[in-house]
Each structure stands twice: as C-alpha cells, then as structure tokens.
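Each remark here refers to the structure printed beneath this line.
The values are calculated or read from the model by the stated rules, or taken from the named source; none is laboratory data. Since the model is a prediction, treat every value here as computed from it, not as a measurement. FYI the Cβ positions are ideal-geometry reconstructions off the backbone, even for glycines, and counts take in every protein chain you see. These accessible areas exclude ligands, DNA and RNA; they are computed on the full protein's heavy atoms, side chains included. Shrake-Rupley method; radii C 1.70, N 1.55, O 1.52, S 1.80 Å.
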Amino acid sequence: MYTIDNWQRNKPYPLGVSTEFNHTYFSVVMKEGKNCGIILYDKKTGREKKIPFGEQNKFGSIYSMAVKDLDINRYAYNFYDGNTVFTDPYAKVILGHEKWGKQDGQLKGGFSSGDYSWEEDKPLKIPYENSILYCLNVRAFTKHKSSGIAHKGTFRGITEKIPYLKELGITAIELMPAYEFDEIERPKTISGMSMKDMASSYMEKEKPEAKYNCWGYKEGYYFAPKAAFCSEKDVTSEFKDMVKSLHENGIEVIMQFYFPNTVKQGLILDVVKFWVLEYHIDGVHLKGEQIPLHVLGTEPLLTDTKLFYYNFPYGQIYDENEVPKYRNLASYQDDYMYIARRFLKGDDGILGDFLERQRKNPKQHGIINYITNYYGFSLADMVSYEKKHNEANGENNRDGNDCNYTWNCGMEGNTRKKNILELRKRQMKNAVTMLFMSQGTPLIYSGDELGNTRLGNNNPYCQDNETGWVKWNRNSLGNIIFNYVKDFIRLKKSHPILHNPGELKILDYIGCGYPDLSYHGKAAWRPELESYSRHAGAMYCGFYAKNRNGENDDFFYIAYNMHWTPHTFALPNLPKGMAWYLLTDTGKDGKIEATHEAETEQQHVDVEPRTIRIYISKQEEGASVNSQQQYDKSAF
C-alpha cells in the first residue's frame with residue numbers, strides 16, 4: 001500500500017511524474033490551485049482515490065507531492081483543480097487512446113517504468129552534408145496491405161522496413177507527429193448555425209462518416225509516444241526499440257513537433273530536452289510561430305542535436321565569424337521547392353534563383369531541400385496536376401494550397417497518351433536530379449520514390465485510406481523512379497564534391513586552374529543567364545574535394561535544359577589525360593553509370609527539350625593519374 005510521505009522533500013521539478021528509489025513524485029501547474037490534488041485510478045478494481053495537495057505542496061503555481069511505495073503498474077492517474085479533472089500535460093504514457101479512432105472514456109496518465117536497456121546506443125551525429133532525409137507518417141507508411149509486413153501502421157512496422165530504407169540509402173527518417181494527439185475530428189460549429197441545426201442537416205444520412213486528422217498538427221500530449229502507433233501495449237519500449245534498431249543500421253530519427261500559440265515556451269524547451277534524453281532521438285523539427293528559438297539554439301544540451309525550423313535567428317545565436325563544431329541548426333522552408341518547381345516547368349526569369357539555390361550551403365547551419373513534402377502534391381501528381389482536387393476531404397475543395405507551381409504536361413490527371421506519360425516520367429527524373437545535385441541536404445517524402453499518387457489531393461490530412469497511404473506494389477514507372485532515386489543517393493554519397501561541408505565560392509582559391517563551381521552555355525565559361533533563359537551548364541571541379549582514399553574527386557558537368565526546344569552546351573576542357581563521359585540523361589532509362597565511350601571528339605553536345613544530362617570526368621586509358629597541376633590552360 002502506498003503512503004504520502006510528508007517528510008520527504010517535495011520536488012517541483014521536473015514537472016509530471018518521476019520516480020526515485022521507492023518514491024514517486026507528482027508535480028503539476030494548477031490554474032486555480034483551490035481544492036486540488038491527484039486522482040489515482042486502480043486498474044484492477046476501478047476505484048478512484050483522491051489525494052489533496054496542501055500548502056506544504058505549493059511552490060508558486062506548482063504543486064508537488066511524494067508518494068511512497070506506489071505500485072505504478074497498478075495505477076493510472078489524473079489531476080483535479082476544483083471541479084475540473086485533467087490529464088497531466090507532462091504524462092509519459094497516455095491511457096484510453098490505444099486504438100486508432102477510438103477513445104475509452106477520459107484519458108488518464110500512465111507510468112513509465114524507465115527500465116530499458118539502451119546498451120551502447122547513442123545519437124549518430126551524421127553531418128548535414130552526409131545526410132539523406134526521408135519524411136514519413138507512421139501510420140500511412142506501412143498501413144497499406146501491399147507493405148508486406150506484420151505490424152502495419154506502427155513503430156514496429158518502421159523497424160520492419162529498415163532493410164528497405166537501407167537499400168534506398170536513407171540516413172535519417174523524419175517522423176510527422178508521433179506524440180499522443182486526438183485524431184478524431186470533432187464537428188465544428190459553423191458561423192450562424194447551432195449544433196442542433198447542424199445535426200438536422202445530417203438528417204439524410206443515418207450517421208456521418210468518421211473523419212480523422214491523420215497528420216496530428218494540433219496540440220497534444222507531447223511527452224508520450226502515440227499509443228495507436230504501437231503494435232502492443234508497451235508504447236515506450238516499442239518506440240525505443242525502433243530508435244535503437246534504426247541507429248544500429250546507421251539511420252537517425254528526427255521528430256516533428258507542432259506547437260500552437262497556446263503552448264508555453266517553457267514546455268517546448270522541456271519537450272525537446274526530454275525526447276533527446278529519454279528516447280535518444282537525433283533531431284527535432286520545430287513547427288509553430290512562438291518557438292523559443294534563441295534559447296533552443298544556445299542550449300548546451302542540444303549542441304549535438306539537429307534542430308530544424310523555417311529560419312533561426314542565426315545572428316543572435318552565433319558571432320559573425322563563428323562556425324559551430326557541429327552544425328546542428330538548419331533552415332527548413334519552401335523556397336527551394338517552389339523555385340525548383342518553377343524552373344522545372346520552364347517559367348521565365350527563374351534560372352538565376354535556381355542556380356543560387358543549388359549551391360546554397362552556409363557555414364553556420366544546414367539547408368534542407370525538398371521538391372515535395374507531406375503537404376502539396378506528391379512527385380507523381382506534381383507532373384500530372386495543376387489544380388488541387390481535394391473534394392474527398394469534405395471541405396468543398398477549399399482546403400489546401402491554391403498555388404502549386406506545377407504543370408500537368410498537357411492533360412490534367414490520368415491519361416493513356418504515351419507522349420504525355422513519357423514527358424511526365426522525364427519531369428519526375430528531372431526533379432530528382434535537381435534535388436540531388438543541390439549542395440544542401442535532400443529530403444524525400446515517403447512514397448515519392450515509388451511513384452505514388454494522391455489523385456491530385458494536395459492536402460490529404462484526413463485520407464486514412466489508399467489516397468493517404470504509401471502503396472508498395474510498384475508498377476513499371478515506380479520501378480524506374482525507385483531505381484533512379486537509389487542510384488542518385490549512391491552517386492551523391494560517393495562523390496564529396498556533390499555534398500561539400502561548405503558553400504562553393506565560384507572561385508579558384510587553391511590555384512588549380514579551375515573554380516570549384518563554374519557556369520557555362522553554348523560557349524564554355526560564358527553562361528547565358530538572361531531572364532528569358534531556361535538552360536545552363538554547371539561544372540563541379542573535383543580538385544576541391546577528396547574521396548575516402550584521399551584522392552581528388554571527379555569533375556561533374558550538369559546540362560540543365562528546361563526549355564521546350566533543344567539547346568547546345570559546350571563541354572569545358574578538362575585537365576590533360578581526362579575526358580568527359582555521359583553519366584545519365586533524364587530522357588533515357590537505365591542505370592546512372594558512365595558510358596564506355598568518351599566525348600573526346602565532341603566539344604559541344606545537344607540536349608533535348610526538358611532534359612538534364614550529367615557528364616563525369618574519367619582518366620583516359622593509358623593516362624597518368626591527374627593532379628591539381630595537370631590542367632589544360634586552353635580551357636580558358
């Protein structure tokens with residue numbers, strides 16, 4: 001039997017429930033603080049026991065109490081403040097919401113034993129320049145029948161998919177909200193209409209269909225993993241098992257947290273630190289408007305933890321010339337997505353912005369690049385739809401973004417026309433190529449690499465069905481896109497010049513005769529950057545990066561042609577003994593690998609409309625290994 005230990009020193013911090021030896025500490029903020037206390041629920045008998053707080057338990061607005069010899073496996077708990085009963089916002093486990101779409105009475109706080117063997121596990125600290133991010137929704141990722149796993153829609157389901165993530169080449173997964181939230185969408189009162197009138201409007205239907213918020217961007221219980229995402233009862237252990245298994249396979253875990261303006265900044269800081277310490281997560285993507293960015297950015301505990309936000313106040317966090325030992329902060333915003341989409345579809349006056357975004361990679365923080373995300377069109381829909389088709393959401397197509405900067409390649413939606421389907425495939429490959437040839441950290445949204453469609457829905461937050469789920473049964477297009485993405489991830493990882501730790505300067509600062517990055521047009525070294533131009537050549541010089549063997553990397557030449565007419569590109573002269581080889585052409589299928597024949601006799605190449613070609617330098621047969629000094633001055 002438990003006892004109240006009035007002699008034990010109470011602990012106002014940490015808030016919530018903590019255990020130490022044979023004492024369980026309860027600590028909570030009370031709004032009124034009159035006639036308040038703890039409610040213990042006996043899970044065996046169903047009985048409730050109120051334990052009131054006294055003045056000796058009060059510390060400002062915090063009430064704290066030590067309970068001795070409490071059987072935490074037998075009880076659940078809540079707090080009461082006057083006539084109000086509420087669930088602990090700091091609860092480590094939430095009981096009553098274990099089944100998706102169902103709530104069993106009032107939610108209650110549960111106790112976490114804290115007994116978990118992490119063994120040698122610790123966060124991986126993979127630098128941004130070596131990271132490949134993969135954003136997913138826990139339920140949608142494996143819920144579809146084609147996922148081929150035993151524990152669909154759960155944390156364990158992600159663990160079962162680790163071999164797939166490794167095959168693709170992913171280094172980090174970014175989880176959409178996976179803390180406890182209420183997915184059941186409650187009816188909202190429409191302006192000028194009472195709840196009674198709303199009910200009568202459903203007279204024609206016996207029962208309105210249930211609507212779920214599958215994404216969870218709402219206030220929740222931030223300290224508890226979502227129980228409905230658990231395959232068994234012990235959600236804390238299942239989440240930790242997932243993290244540990246991912247770490248063992250070289251994959252980081254980034255958590256998204258959405259904090260509306262009603263959430264106090266002190267709680268936000270507590271949430272981030274708790275998940276880093278308790279669950280060994282590698283990073284947090286902060287979402288909301290009133291985030292304590294300066295505090296988080298300068299918190300010593302988090303200097304090894306990745307933190308994503310739209311844009312941190314870097315000037316307040318770092319001195320002007322300060323370079324952090326580990327770049328943990330990153331800007332995560334839509335600028336790249338919309339600029340790349342506009343260039344992809346051939347908009348006027350966007351080439352200069354696109355080239356700037358391709359090389360952006362500041363010394364103080366990371367840049368997360370993506371062309372698709374959970375919101376907006378999928379990769380397949382981005383080349384198939386220009387207008388949103390969100391009717392299935394039940395909001396008369398009013399929800400979702402009206403401006404997508406996409407092109408349907410000549411026909412909205414599904415088609416059997418071979419020329420349109422071929423163009424769409426090429427545009428998808430163009431988009432993938434742009435993303436992985438950028439210097440920032442690339443992010444893929446789950447299912448895009450399989451060619452998944454959402455049927456033109458650009459806001460499928462409530463689509464708990466085949467529209468919102470990842471479909472794993474790949475068709476021929478899905479196979480082509482999957483292999484293309486996998487090949488590009490391997491290419492990017494293998495060549496350090498494609499993922500530098502710092503931003504390329506467009507200068508020859510090592511005296512090798514070539515700038516690290518240069519731009520070209522019909523004539524070498526003379527790019528055509530006029531506002532009407534939709535094409536450019538970019539060359540990465542391999543002398544500015546060393547491979548794993550300490551040798552110079554290869555040169556790369558990327559010919560971007562997003563115009564609807566073909567263009568001629570000059571291939572710049574390489575150092576003596578080296579030649580250009582075609583690596584990939586988005587208008588053709590096949591592996592990303594160098595051809596057997598060099599472009600030795602051809603200084604100019606013609607690139608088809610809406611096509612990207614990539615060339616790689618290789619040593620000519622019989623030539624000696626190049627050095628920085630072996631360049632051809634005639635290149636200039």
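Before moving on, here are some points about what is shown:
- Magnitude of the charge dipole for the chain, about its Cα centre and with charges confined to Cβ atoms of Lys, Arg (+1) and Asp, Glu (-1), is about 1080 debye.
- Sites S113 and L507 - FRET efficiency at Förster radius 56 Å, r taken between beta-carbons, to 0.05: 0.45
- Entries of K425/K591; K492/K591; K92/K471; K92/K166; K92/K211 with Cα pairs more than 23 Å apart: K92/K471; K92/K166; K92/K211
- With every protein chain in place, the chain: carbon and sulfur % of accessible area (1.4 Å): 48 percent
- Anisotropy class of the stretch 258-409 from Cα gyration tensor, a/c 1.5 cut: oblate
- Cut-off 14 Å between beta-carbons: net charge of the residues surrounding K546, Lys and Arg +1, Asp and Glu -1: -4
- Computed label-point distance, nm, for sites V85 and E322 using a 7 Å Cα→Cβ extension: 5.0 nm
- Computed label-point distance, nm, for sites K44 and D304 using a 7 Å Cα→Cβ extension: 4.3 nm
- The figure for T298 is an accessible area of roughly 60 square angstrom, using a 1.4 Å probe on the protein chains alone.
- Scanning residues 5 or more positions from G366 or on other chains, those with amide H under 5 Å from its amide H are L329, A330, S331, with H placed 1.01 Å from N in the peptide plane.
- Normalised by the number of residues in the chain, the mean separation of alpha-carbon contacts (under 8 Å, six or more apart) gives a relative contact order of 10 percent.
- When the chain is described by a simple charge dipole with +1 on each Lys and Arg Cβ and -1 on each Asp and Glu Cβ, the residue from G148, M539, L421 located farthest towards its positive end is G148.
- Translational diffusion of the stretch 423-504, µm² s⁻¹ [Kirkwood Rh, Cα pairs; Stokes-Einstein; 20 °C; 1.002 mPa s]: 151 µm²/s
- Among the chymotrypsin sites (Phe, Trp or Tyr not before Pro) found in the stretch 511-563, those both in a DSSP coil and sparsely packed, with 12 or fewer other Cβ atoms within 10 Å of their Cβ, are Y532.
- Membrane-span-like helices in the chain, defined purely by DSSP H runs whose alpha carbon atoms cover 24 Å or more axially and whose average Kyte-Doolittle hydropathy reaches -1.0, are 418-436, 476-494.
- Solution diffusion estimate, µm²/s, Stokes-Einstein, the stretch 44-126, Kirkwood Rh from C-alpha pairs, 4 °C, viscosity 1.567 mPa s: 82 µm²/s
- Sequence-distant residues sharing a close amide H with M578 (under 5 Å, placed H): E620
- Computed over the chain, the per-residue total of -39500 (n - 2.57) for DSSP H runs of n ≥ 4 gives a 222 nm mean residue ellipticity of -5500 deg cm²/dmol, rounded to 500.
- Taking 11 Å as the cut-off, the amide N atoms of the stretch 333-372 that come nearer than this to a point 7 Å along the Cα-to-beta-carbon line of N311 belong to 333-335.
- Rounded FRET efficiency, nearest 0.05, which uses the C-beta distance separating Q106 from E422 and R0 of 45 Å: 0.20
- Cα-based values for the chain, radius of gyration first and Dmax second, are 27.9, 90 Å.
- Long-range HN-HN contacts of T584 with modeled amide H, under 5 Å: I614
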